[in-house]
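Everything below concerns the one structure shown next.
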Amino acid sequence: MSELITQMVVLSHLDESARVLNLAQTDITKIVEDAGGSWKGDGQVRGLTIDGIIKQGVTCKTDAASVKQVVFILMDNANKYCDEGGTVRVDLQPRGRKGAVITVENSYARAERFDPEKVFERFYRMDAERSQKAGHGIGLSLARETAENLGGSLEAYTLSEPPTIGFRFTL
């Protein structure tokens, strides 16, 4: 319950005005590696494979806490909704000299039912399976608003072969 309250407070601040950012040169590689490492144990319990290509030395001037929040939400979502025995993929690539692109994908057999825009609506739960998972349906909304507050973007997409849902976070 406290997590829900915290997320609602952050969302209300984002609604009122842009959150004050603490901009500094930030090691994006470390944030992504830390996020992947923290979820690896949970994923292994469910028989998930966690892989990807994380480019070393990716840095940019941004708010580290906000980037970490978005990446952790995306990893949490991928681990929750990945098919049993499926794959979570995390990629990090530089975007020019000053930015980064973080992609988080997970296998999801019913990817054709996934609506890439609706998942960002507050309290949206796609189907009965997603409603039974832990969470409140505001994490992805919070992640998108945080990404936009950073001057970046967060988009969702699907792939049909193999059935996959993914999120692209651009800084």
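The table for this structure:
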quantity	calculated
Residue that is of a type outside the set (K, R), at pLDDT 85 or above and out of contact with any strand residue (DSSP E or B) (no Cβ under 7 Å at 6 or more places or on another chain), where the choices are N77, N22	N77
Matching option when the condition is open to solvent by less than 10 Å² (accessible area, probe 1.4 Å) and modelled with pLDDT under 95, among A147, A111, A100	A111
Residue check for A35: out of contact with any strand residue (DSSP E or B) (no Cβ under 7 Å at 6 or more places or on another chain), modelled with pLDDT under 90 and either aromatic (F, W, Y) or surrounded by 17 or more Cβ atoms within 10 Å (Cβ to Cβ) (or both)	yes
Which numbered condition D83 misses (of (1) loosely packed, with under 14 Cβ neighbours inside 10 Å; (2) part of a loop (DSSP other than H, G, I, E, B))	(1)
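The values are calculated or read from the model by the stated rules, or taken from the named source; none is laboratory data. Just so you know, these numbers come straight off a predicted model, no measurement behind them. Ideal geometry is used to build each Cβ from the backbone, glycine not excepted, and the neighbour counts take in all protein chains shown. Only protein heavy atoms, including side chains, enter the accessible area calculation; ligands, DNA and RNA are left aside. Shrake-Rupley method; radii C 1.70, N 1.55, O 1.52, S 1.80 Å.
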